[in-house]
1. Are any of the residues in the stretch A:240-247 within 20 Å of the chain's Cα centre (by Cα), away from chain B (no Cβ under 14 Å) and farther than 17 Å from A:L306 by Cα?
2. Considering each of B:K404, B:K461 in turn, give the residue that is away from every other protein chain (no Cβ under 14 Å) and not in a strand (DSSP E or B).
3. Of everything in the stretch A:258-281 that's open to solvent by 10 Å² or more (accessible area, probe 1.4 Å) and β-branched (V, I, T), which residue is farthest from the other protein chains (Cβ to nearest Cβ)?
4. Out of contact with any strand residue (DSSP E or B) (no Cβ under 6 Å at 6 or more places or on another chain), more than 14 Å from chain A (Cβ to nearest Cβ), touching a residue at least 12 places away in the same chain (Cβ under 8 Å) and among the charged types (D, E, K, R): is that true of B:D519 in this structure?
5. Can you work out which of the residues in the stretch B:227-262 that are over 30 Å from B:M296 (Cβ atoms), touching a strand residue (DSSP E or B) at 6+ places or on another chain (Cβ under 8 Å) and surrounded by fewer than 20 Cβ atoms within 10 Å (Cβ to Cβ) is nearest to the other protein chains (Cβ to nearest Cβ)?
6. So which residues in the stretch B:119-142 are under 12 Å from the mean Cα position of the chain (by Cα) and more than 25 Å from B:S172 (Cβ to Cβ)?
7. Please indicate, with yes or no, whether at least one residue in the stretch A:48-61 is within 14 Å of another protein chain (Cβ to nearest Cβ) and either open to solvent by 70 Å² or more (accessible area, probe 1.4 Å) or at pLDDT below 90 (or both).
Amino acid sequence: MKSFNFWIIALLFAVTSCTIDKTDYEAETGSEVPESYEFKEATSLTSGNYKISIEALNGAFYKGYNELRLKITNTQNNQELTTASVTFLPILSNADGSKSSCPHEYNVAYDATNKYYSGYSVFTGESTTTASWKLYISFTADNQKYEINKDVTVEKQSNKNLNMTAFAGNDGEQYVIALVSPQKPTVSENALVAGIYKYNKPTTPAGTFPDPSQFSYSEVAGYTLKLDPRMPEPSMGNHSSPNNKDLTQETDGLYHGVVNYTMTGNWTLNFIMMNQNGLIVKGTIVPTDHTPGVEGVKSELYIDTLF
Amino acid sequence: MKYIIMLLFLGISVTAQNQHAHHDSIKKLEEVTVKSATKKKIETEMKMAVSVDEFLSSSDNISFIKRGAYAWEPLLNNMSTERSTVTIDGMHVFGACTDKMDPITSYVESNNLASIDIKSGQEGSLHGSTIAGSIDLKRKSTQFGLQKRWNGAYQTGFEFNNKQFFNLGNVSYSGTKFVADGSISYRTADNYSDGNNDEVKHSQYNKFNTSLGLAYKTSELSSLRLDAIFDMAKNVGYPALPMDLWLSRALITSAAYKQLFEEGLVRVVDTKVYFNTIEHYMDDTTRPENLVHMDMPGWSTTYGLVSKANLKKNDYSSEIQLNAYDNLSIAEMRMYPQDRSERTMFAYSWPWVTTRFAGLSMNNSWDISERSQINLGGSLGVNYNYSKYVEFNWIFHPGAPQEKTRFLPSLNAAYNLNIDQFNFSVGTGYGHRAPSVSEGYGYYIYNSFDRYDYIGDPNLKNEISYEGNASAGFKNERLSIQGKINYFYIQNYIIGKILSLGSPMNYQSVGVKGYTSLDYATLLNMSANVSYDILEHLHWKGTLTYARGMDDKGGNLPFIRPLSYLTSLHYMYKNFGIQTSVNGDFEQINYSPEYGEDLTGAYTIWNISADYSFKINKVKSTIQIGAENLLNEYYSTYADWGNIPRMGRNIFTSLKVNF
């Protein structure tokens, strides 16, 4: 009998002793990627009888692409103002007094279906002690033009899948590329959406501040963004994926393509931006060979992601 | 928790049953075997204390892919384990390692096995759908009411080349109502040295195995049996791979109810439910050359049912078997840079793949005359796969279905004829198999042989085998000659092909291969065996095997054994025995560079051993000393992963005590 007991104790020990836990895959991908799909009021401004509420994802402005929803309410009768012509201008002031802007929708149009004024702003930097953002908004109501402004805080975008890059193209123009979606990529073919914007150099001398002609940006039309996603870390040996699609512009003005993530981890989206004529504006071809132990070479135009 | 309770219950029932043991031995439970060609006694000609792998390799139609000194992957009819079914007493167990570092044969030990039943081709479809055949590892199971109630054996030994030290013990109790079998074993080995006396690093292993079987006679003609095997391997080196094994554990349990019938067509019905779980953790931190580390844990859990009925009436006998199982295979990849707190990547190499199989098989045999016999068999199985994280499969196969159901039919027929001292047989077979988990759903599984990352394809077609076999033999009192041949024409033969898309991921990898179907492949296996008793106590044996495998373009298939031979002499005098053997392969002319093979040269190995049996009191003992690869030849075989050299001269000693 002793031997039986021995075996049973041995088996008991074997069965109960600890082993490596399986990865909780759903929780794991969730923890790396903060996700926010809810629009909340990020700031509000008041001018006379009117209150302007600006809604953004998660109720905050982040570096990179921000979809904005503006609502103008008459505080007297609580009626929403839907017919105003609204302009929106974000201005960045540096310590040296220099002022600049970022890609934005200057004329914010009313979206009757969703009942808000729809715009966007691609903040190119976070608010710091030496750099502060201010929003300049104007609208017309009762045949009167209202102009207001307010300081806002632009926070760090902790979701690397909404990263952006600003650069000078080979054509001498200033460009910004900002990732719009997916917020939360998965191991799969992800629809990749990005905005490409260009700074319109002023052709006229500056008028009274803020003169929108000095701070004008536009969506770039008809370009192609060639995509080559790779895992840059040395251990990944320049790993890439099949079935990716280059980004081209669609009717919403944004650029749409497909990025196929084969596994979770750090990825670099290597881009080559070409203009309407197929000329390279920015970007270099990256090596495609498997180079274990060597950090992957990035294109001169790239955006890092992580999930 | 479930099994803990079960085990506790077992413990209690053991105590209870022993007290009620009766002394009425009227009938013994005996197995009615319809047809079997089992290998009896787990020992080889040369060695009495062998590992399961060494024992299997003494069979003609088994060869091995070796990734080191441990856990060799058995190839049946020169086909890898996806194409054969390997079972333990009919129970399906699936390895938890994507790199096939843990074939099922690595989870048992020679002292808990009674025999190994090898069936070639569709004849082996009784245990589930197969192409190559089946290997069934039969556990020891003592009969009720033996005259000698307690039996036991103890083996110990030391092998000098790799300082392998092993201790194997097993004991059995046979009462009229209650039977128990237990075994325990431990093996430990250091790195071995090749024929140039160079140490082959990372070839050590440590294995612990224990098993327990309890049977209770519930009535004159029925019994209940509970079995468990626990196996643990730790710190096992795989010199041919870029990583080693830190820990693997298997718990294999079953409960069986057997009912005998004295009259009627049905003679035995044996129904078993089983559960087994395997965990397998690789470790590459032991390799300083790896700048990055990858954890690749794997888990495999199987629940199953196997129910077998033996029928017999006059000249007709039949085996009917129902197999059903549910397996969940999970394998993860997680990479770390030098700083282990940071993570580089995560992916599933088996994205939680469920396999469910249910099949009904039948083997019928008629003695149509005194000299001839017809066998007809068939099976129909349903195989269902489900990939939980199918997004990994969609990377290379967009839109592939998450679930897939396949029907797997099988048919076989054979005719045996005995005329005086001659025997002949011809047979044919047809069968399907479903792709394995790796072939169907594998994701970036690194194959260090051809250095490609492998991707599974959920849409692969069933592999379909058309098979023919024949044998002829002659036997008289002194001479026995047996020749066998079989030929397989396999449609939709699954093999890895280089993918033009995708980029490699694993550290040593050079590219990506996807499992794809060739239109067909063909395989021919031949063997000839001769044995001759030169004198009363001097026996000679010779074996010659040849195989040829080709793809649809006439190219060579990988891992096909070249012409090989084995010749041995065995001399006995009183209690003294001496045996010597020479074996080797010819040059592997038909190698396959496409699949990472290069030309492997010929080699010849000479082995010798001597044993002496004696009795101390009533204890029968045998002592053996011998040498493998006596001439210390430096060689590697066609199936040595990455051309790692085999073991050089190895002097082995062992002692076996039976009481």
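1. Yes; the residues of the stretch A:240-247 include at least one that is within 20 Å of the chain's Cα centre (by Cα), away from chain B (no Cβ under 14 Å) and farther than 17 Å from A:L306 by Cα.
2. B:K461
3. A:I280
4. yes
5. Once the filter is applied, the top-ranked residue is B:A255.
6. Result: B:K119, B:G133, B:S134.
7. no
So that you can scan it fast, the table gives a plain yes or no per residue for (1) assigned to a loop (DSSP other than H, G, I, E, B); (2) modelled with pLDDT of 95 or more; (3) at negative phi; (4) open to solvent by 40 Å² or more (accessible area, probe 1.4 Å):
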{"site": "B:I481", "(1), (2), (3), (4)": "no, yes, yes, yes"}
{"site": "B:I490", "(1), (2), (3), (4)": "no, yes, yes, no"}
{"site": "B:K497", "(1), (2), (3), (4)": "no, no, yes, yes"}
{"site": "B:L501", "(1), (2), (3), (4)": "yes, no, yes, yes"}
{"site": "B:K513", "(1), (2), (3), (4)": "no, no, yes, no"}
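The values are calculated or read from the model by the stated rules, or taken from the named source; none is laboratory data. Quantities reported herein were computed from a predicted structural model and do not represent experimental measurements. We place every Cβ from the backbone using ideal geometry, glycine too, and count neighbours over all the protein chains shown. We work out accessible area using only protein heavy atoms, side chains counted, and drop any ligands, DNA or RNA first. Shrake-Rupley method; radii C 1.70, N 1.55, O 1.52, S 1.80 Å.
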